[in-house]
1. Name the helices (runs of 4 or more DSSP H) wholly within the stretch 354-461 that hold at least 2 residues that are surrounded by fewer than 20 Cβ atoms within 10 Å (Cβ to Cβ) and within 22 Å of the chain's Cα centre (by Cα)?
2. What pairs come out if I take residues in the stretch 443-461 that are touching a residue at least 24 places away in the same chain (Cβ under 8 Å) and closer than 14 Å to residue 412 by Cβ and pair them with residues that are in a helix (DSSP H, G or I) and open to solvent by 50 Å² or more (accessible area, probe 1.4 Å) whose C-beta lies under 8 Å away, six or more apart or interchain?
3. Considering only residues that are open to solvent by 20 Å² or more (accessible area, probe 1.4 Å) and hydrophobic (A, V, I, L, M, F, W, C), look in the stretch 217-247 and name the one that is farthest from residue 3 (Cα to Cα).
4. Could you please find all residues in the stretch 806-828 being under 13 Å from residue 759 (Cβ atoms) and part of a strand (DSSP E or B)?
5. Scanning the stretch 217-235 for residues that are touching a residue at least 60 places away in the same chain (Cβ under 8 Å) and not hydroxyl-bearing (Ser, Thr, Tyr), which turns out farthest from residue 188 (Cα to Cα)?
6. Could you list, in sequence order, the residues of the stretch 105-125 that are under 17 Å from residue 20 (Cβ atoms) and either at pLDDT 85 or above or in a helix (DSSP H, G or I) (or both)?
7. Based on what the data block shows, is residue 547 of a type in the set (Asp, Glu), open to solvent by 20 Å² or more (accessible area, probe 1.4 Å), in a loop (DSSP other than H, G, I, E, B) and more than 27 Å from residue 326 (Cα to Cα)?
8. Kindly indicate the residue of the stretch 462-483 that is under 11 Å from the mean Cα position of the chain (by Cα) and modelled with pLDDT of 85 or more and also farthest from residue 373 (Cα to Cα) among those meeting that condition.
Amino acid sequence: AFPGLYQIVQVSEQEVLDFLFSLRKTGQVEKLGGFMTKALPRHSSEPTLGTGNSTSGATSSQVQGLRRDAGPVADATELEEVGTELQVINLTQYPNVSGGEVVVMPLRRVRRSHVVSSASPTALAAVSVDFLSEPEVPKENERIKALKMETVATMKELLTTSVLYKEQFEQAIRFYDLDDPLKLVNLVAGMSLGQRQELQAVLVEDNMEKRLQKVLTLVKKDLEFTRMQSRVKTQVEDHVSKEQRRVMLKEHMKQIAKELGYDKDDKESVIKRFRDAVKDRVVPTEVNQTIEYELGKLQNVDPSSSEFNVCRTYLEWLTALPWCQFTEENKDIQRAELILNEDHFGLEDVKERVLEHIAVSFLNANVQGKIMCLVGPPGVGKTSIGKSIARALSRKFYRFSVGGMTDVAEIRGHRRTYVGAMPGKLIQCLKETQSSNPVVLIDEIDKLGRDHRGDPTSAFLEVLDPEQNSTFRDHYLDVPVDLSRVLFVCTANVMDTIPGPLIDRMEVIRIAGYVLEEKVAIANQYLIPQTKEQSGIGSDCLELRDDALHKMITDYAREAGVRNLRKLLEKVSRKVALNHVRRPEEQQQKVGISLDNLTKYLGQPMHASDRLYPTTAPPGVVMGLAWTAMGGATLYVEARGQVRKKCRGMLLDGKDAMDVVNSTMKTTSDCEGAGFGSMHVTGQLGNVMNESSSVSLTYARHFVQELDSANFFLDDARIHLNVPEGAVPKDGSSAGITMASALVSLALHKPVGPNLAMTGELTLTGKVLRVGGIKEKVIAARREGVTILILPRQNEADYAELKDYLRAGITAHFVDHYDDVYRLAFAQTQALPLPWPSRGLPILTMTTPVLPCSTETMPPSMGINTVGPLPAVTPHAHKC
């Protein structure tokens, strides 16, 4: 503040204002010391030209919405040494907020000498000041006169270009004499918009010539800034006038076009429709910029050109997508669980995973979408569970199958340069569902193809990655699309054809299939009511008895899923409906399906038992367990051998060694094959299974030699190893102990125990390694009535996780070495006992008793022993 120029100061502290009011009431002299702070107050910025400058006594606190002008400071050292003495002219209290306005008149310059009293919550600090005299103006000083005249000339020029300066000058000129250099300096500096340090330098300066020089510099800067403002204003006005002229001419053109019949309203209405589509929606910045660019291009393109239709179609896709629109997700766990149980029986793993997702979204509103992959045989409900997941989550559902897909454009879309280009399936999904967080079911992901048009599997690496799909770019749209909130559910029958990097991005959930009890429950709860409704017959026309349903499942629909079972029920319903329509109404009666007339409706059973031998198998034959894409299955391994001459003191005839018909074998000597036995493998086995048979033969030779040093059968005989059903390809290493047991059984001429099956990979040292598909294999064993299973010890946890009704009536032995496999497999056939203790870990035996038929009331009962109850096992056979 400069002497002689009124100032209106805003004070935000109510305490300061109250203190000034109290001074006025008591009649005390209302004079204050105003000093500028050395540094800017907090939350303030350096004033610039065009924004005004702060006055003396700046404060660090401010009422929101008021200008920060004046107030107290914490310590006097924060202030400049030189300030002005302020005479309080008027006080005004703000009506709605604390603080008010103070009108002051700066009287003269003062210099702060020391602090008399510090500030209190109710008063300002008292300081001792020295009054500074104004500098003397030398008479007849040409330099000062020139500076004064230049300042006055610049000031007059400034008044012609700035309305703000003109208003302030007209108000203050009445109190100032422009012929007095001192008053001229105070006037110009008080009206200037210069920086705070520049103004403080003018106030402090005692030399009149230097003070005039600094003021002239300030007013020159103000003039330059005002000129720049004027130029910008002129340019803006010119631009606005041009735009107004352009709009006016366009309106005239529109009216002329109407009169001549060249109506352009169609293009305008299209553009207006696109703008209205995104007017009230939240659209990402990049997408909005692209839409504006395309609208501008559409405005300048003739509707008859091909580019117009390309641009229009592109805008239709951009404006039709649900940008930032999400479906509100269901967070009621009980309701979601009820929906899942209504639609599907079993599938606890899938249901639990969906409930976990709901629980996480309940605790974290910004949960990302996940990628689940359901792997299992056909007909187990992988596809239908996707709809149930969407219904349980209250989300939109979209399904597309990728089986046989070879074109990457189906996923990423086509480039817009191609004729007939369109976005990929994922963008179509968002447009159809009008939601950015649907449930997307990608069916048959294990059957993706690949050709010269690209590899769709590689395209899915970005789509199914939660860390990347938040900025997915479709080739057609070429703008980032957020897929991170989408819940992807993939289905597959096998995982062998899915690349490893893609599997790594998915959460794999295996669905093994259904056993008899589960199929009965599914048929009664879902399939039978649905088929009756679809065929138009009710419960008063058809009754399917339990024994007939059991036979239908065991003899007609033995696959892992229930798709064939549904077809059979539909077939029965159709035949009953046909008989019902053929008969007169008075002769119509309820039809009962029982064991007696089941073949009348379904024909002869399509499945017999997979067991080649209803009772004990002959020597050299062992039942194994296998996993297929259709579920689990039992797999027999047959071994036969022949030695024609007496070799190594051991004679094998037709009783002790079965003949093998093999036309490719040739006799080379009287003692053929002595120590050079061979093995021929058939059954359409893969490379892995062929290698497993070689390992089994090598180990079986050593094992038999260790067991009976006089037995050279496997070394000398021509052995034929066969796996039946040669038309079916087979591969894998889980038949290792099965093949070895078949060879040992053949060499010892001892059969394995009845109702026994085994699976496990065998090493050259006799270790039994972990295998997969335990649930499917157990289901296959239950289907064939197997009661004893030999499994790798490393699969104990997999078996223990199975439901009790799957393990009911089965005794499972978990072994670590082939020694224990031999003891368990030949325990009931009086084979040679092992002369040494087991070379592996102790056997674990898990026995689950037979449970009631109801799957809902099966009690959990299971016994675990370190040594199973084997009658022919000696106590020292287990290593402790």
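The values are calculated or read from the model by the stated rules, or taken from the named source; none is laboratory data. All of these numbers come straight from a predicted model, not from anything done at the bench. Every residue, glycine among them, receives a Cβ derived from its backbone with ideal geometry; neighbour counts consider all protein chains shown. Just so you know, the surface numbers come from the protein's heavy atoms only, side chains and all, with ligands and any DNA or RNA stripped out. Shrake-Rupley method; radii C 1.70, N 1.55, O 1.52, S 1.80 Å.
1. Correct list: 382-393, 425-433.
2. What qualifies is 456/410; 461/501.
3. Only one residue tops the list, namely 247.
4. Hits for the stretch 806-828 are 812, 813, 814, 815.
5. Applying the filter and picking the extreme gives 229.
6. 106
7. Answer is no for this residue.
8. 482
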